[in-house]
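What follows is calculated from the coordinates using simple rules that are stated; it is not laboratory data. All figures in this text were calculated on a predicted structure; none of them were measured in a lab. Ideal geometry is used to build each Cβ from the backbone, glycine not excepted, and the neighbour counts take in all protein chains shown.
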Ligand code: SAH
């Protein structure tokens, strides 16, 4: 497909997100600006702009549907001065969207090859306010805490406690919680030493694997 073809499809995707109830213009603008097809393997690029399709990116992982990326990003209410932590870099697409809205994005991935690929695409797009690290994100990133926003893009069995600890006062944690197959998007907000949680909607993510997540059953 030509560049124009991708641009056209991306504009249509954003229109469909707007019709689907995403109201935050900053989120829509960010998703209109980031070329999602760069984050999708070449052979699957025709799927890059379907708003309700998650695309395989290798290592048994997927890039979330644009609809879910938009919903989670909107729910996080990101301010331009915010420092954001993402757990589950995957393709790097969600990190790129966050990077347009926030001051700085820290993102962690447990699969080294995915982290490397994501970093290469972010570099290619000249996105400089993202730092990618390979580690178990269920432990957070203590050295860089606290964070104004933490976004978990893999399904957790429960809210990982270290992530709540690493939220700044007023900070928001967005995390899918449930079984290995289906989850509910949870928003946890911190105010002083207290936390407030509410639920957004159902979703299907790949499992969050780690000390405060699911056990790795692949080996
Ligand atoms: N945000 C990604 C989609 C992520 S899919 C994107 O925009 O493309 C979920 C990712 O979480 C997978 O790449 C998976 O390897 C990773 N993951 C699972 N458990 C993790 C953990 N404990 N720490 C870091 N990454 C993890």
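Quick notes on this structure:
- Average projection area in nm² (convex hull over Cα atoms of the chain, one quarter of hull surface): 11.2 nm²
- In degrees, nearest ten, helix 66-75 long axis to first principal axis of the chain (Cα): 40 degrees
- Distance between the stretch 115-171 and the stretch 176-219 - C-alpha centres, whole angstrom: 14 Å
- The chain: angle of helix 3-19 to the longest principal axis, Cα-based, in degrees nearest 10: 50 degrees
- Evaluated at q = 0.21 Å⁻¹, a Debye calculation over the C-alpha positions of the stretch 124-207 (equal weights, vacuum) places log10 I(q)/I(0) at -1.00.
- Percent of beta bridges antiparallel (DSSP, the stretch 54-203, rounded to nearest 5): 50 percent
- Radius of gyration over Kirkwood radius for the stretch 31-103, both on Cα atoms: the Rg/Rh ratio is 0.96.
- Kirkwood-type hydrodynamic radius, the stretch 59-171: 13.9 Å, calculated from all non-identical alpha-carbon pairs.
- Of the residues 114, 163, the one with the fewest other Cβ atoms within 10 Å heads the list, and the complete ranking is 114, 163.
- Between the helical axis of 112-124 and the longest alpha-carbon principal axis of the chain there is an angle of about 50 degrees.
- Neighbour-count ranking [beta-carbon atoms within 10 angstrom, fewest first] of 68, 63: 68, 63
- Of the residues 196, 106, the one with the fewest other Cβ atoms within 10 Å heads the list, and the complete ranking is 196, 106.
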